[in-house]
Amino acid sequence: MTMTADGVRTETALLRLGAALKDAGYSFTTVTPATHERVNRRPANAWARDLRDVFGWSRPFRPGRLPDGIVELMDAAGVLDRAADGWRSRVRFSTYDGELFVHSAFPTAAPDAVFLGPDTYRMADAAIAHVQAREQPIHRAVDIGCGTAAGAIAVAKRAPGAEVLAVDINEAALRYARVNVALAGTPAVRPCRSDLLDAVDGTFDLIIANPPFMVDPAGRTYRDGGGRHGHRLSLAIVDAATRRLRPGGSLVLFSGTGILTGHDPLRAAAADRLHGTNLRWTYREVDPDVYSEELDGPAYAEAERIAVVVLTATHVPA
């Protein structure tokens with residue numbers, strides 16, 4: 001997709017905004033939506049007082065609260081909402097691994113919202129651990145459903161000389177990914193549009209992914225994993241890995257699953273998919289109890305808990 005001149009200007013302004021925040025020493029760790037909502041409900045947090053409140057907590061701010069240069073960059077980047085009940089930023093900036101990442105403001109209700117949060121940190125941590133433990137060099141890697149490209153950037157920083165693709169079907173995600181790659185100074189990361197691996201060719205030494213895995217009645221793209229248990233995308237990525245991993249190549253898949261009377265339907269489905277393939281795999285729970293608020297809704301009425309998991313599969317030649 002060719003960018004328009006306006007698109008280039010707004011992206012450049014967004015990059016300059018990120019750079020200005022880095023220069024100001026800005027830092028913010030993004031929490032879960034439930035925690036975010038709780039903290040923002042406190043009366044003292046009704047209005048933003050500083051950069052973290054505006055660009056981290058997505059709180060409204062009054063004119064004159066931020067430096068004029070920051071507001072001008074927000075305006076040029078198209079991320080400033082002026083309203084009678086206060087001005088707001090349409091984006092957040094979060095820190096991870098010493099880098100700054102732009103993503104969607106809270107709440108992430110839009111169909112094309114780009115989310116970064118605790119699961120992003122967990123996924124990227126798992127990818128980093130795998131890369132550091134790997135004996136063979138990585139020449140080509142891909143981050144499927146890259147979102148902010150945090151995973152791709154983390155891999156590129158630890159695999160010098162590797163080509164790293166950051167693929168997504170969400171144009172907003174690819175726009176933010178390009179800005180984040182520039183902020184991190186990792187030109188080896190190449191964001192590109194692809195539905196899973198359909199629009200990219202060749203094989204890979206490493207495939208990483210943190211796909212949507214929730215059962216989301218609203219059907220939000222960044223959240224809904226598809227299928228009865230929210231596993232459709234995760235299993236499609238497992239299928240893609242069986243076809244596109246080089247000998248010795250690995251998949252690191254971060255996902256989640258509702259546990260039903262002690263039974264993990266994602267693990268069972270993955271085992272069926274991987275049976276008889278050349279992929280040797282491991283599977284572990286990273287956190288046994290997350291998103292507990294979802295257990296109150298009909299989508300998880302049969303689940304006793306929701307766990308987040310990491311599946312690692314390595315192509316072992318026959």
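With respect to the stated conditions, GLU37 fails to be in contact with a Lys or Arg (Cβ under 9 Å, 6 or more places away or on another chain), on the phi < 0 side of the Ramachandran plot, touching a residue at least 24 places away in the same chain (Cβ under 8 Å) and among the acidic types (Asp, Glu). Filtered by the rule that a residue be assigned to a loop (DSSP other than H, G, I, E, B), under 24 Å from THR108 (Cα atoms) and among the hydrophobic types (A, V, I, L, M, F, W, C), region 159-182 gives a lone residue, ILE169. Selection over region 38-69 of residues that are within 17 Å of SER94 (Cβ to Cβ) and either outside the structural domain of TRP87 (by TED's automatic domain parsing) or not small (Gly, Ala, Ser) (or both) gives a count of 10. Of the residues that make up region 111-118, is at least one surrounded by 14 or more Cβ atoms within 10 Å (Cβ to Cβ) and not in a loop (DSSP other than H, G, I, E, B)? Looking through region 111-118, at least one residue is surrounded by 14 or more Cβ atoms within 10 Å (Cβ to Cβ) and not in a loop (DSSP other than H, G, I, E, B). Among the residues of region 183-221, those identified as of a type in the set (A, V, I, L, M, F, W, C) and part of a loop (DSSP other than H, G, I, E, B) are ALA188, LEU196, LEU197, ALA199, VAL200, PHE213, VAL215, ALA218.
Within region 61-71, the set of residues being in a helix (DSSP H, G or I) and either touching a strand residue (DSSP E or B) at 6+ places or on another chain (Cβ under 8 Å) or closer than 17 Å to VAL102 by Cα (or both) comprises ILE70, VAL71. Of the set (1) closer than 24 Å to PRO118 by Cβ; (2) touching a helix residue (DSSP H, G or I) at 6+ places or on another chain (Cβ under 8 Å); (3) surrounded by fewer than 17 Cβ atoms within 10 Å (Cβ to Cβ), all apply to ASP50 but (2). Filtered by the rule that a residue be out of contact with any helix residue (DSSP H, G or I) (no Cβ under 8 Å at 6 or more places or on another chain) and either modelled with pLDDT under 95 or of a type outside the set (Val, Ile, Thr) (or both), region 95-106 gives GLY98, ALA105. Within region 128-158, being without any contact (Cβ under 8 Å) to a residue 60 or more places away in the chain, part of a loop (DSSP other than H, G, I, E, B) and closer than 19 Å to HIS315 by Cα holds for one residue alone: GLU135. Taken residue by residue, region 49-60 has no member that is outside any loop (DSSP other than H, G, I, E, B), small (Gly, Ala, Ser) and closer than 20 Å to ALA76 by Cα.
When residues in region 214-229 are screened for being free of Cβ contacts under 8 Å to residues at least 60 places away in the same chain and either buried (at least 18 other Cβ atoms within 10 Å of the Cβ) or touching a His at 6+ places or on another chain (Cβ under 7 Å) (or both), 4 of them pass.
The values are calculated or read from the model by the stated rules, or taken from the named source; none is laboratory data. None of the values given here were measured: they were computed from a predicted structure. Positions of Cβ are generated from backbone atoms using ideal geometry, with glycine treated the same way; all protein chains shown enter the neighbour counts.
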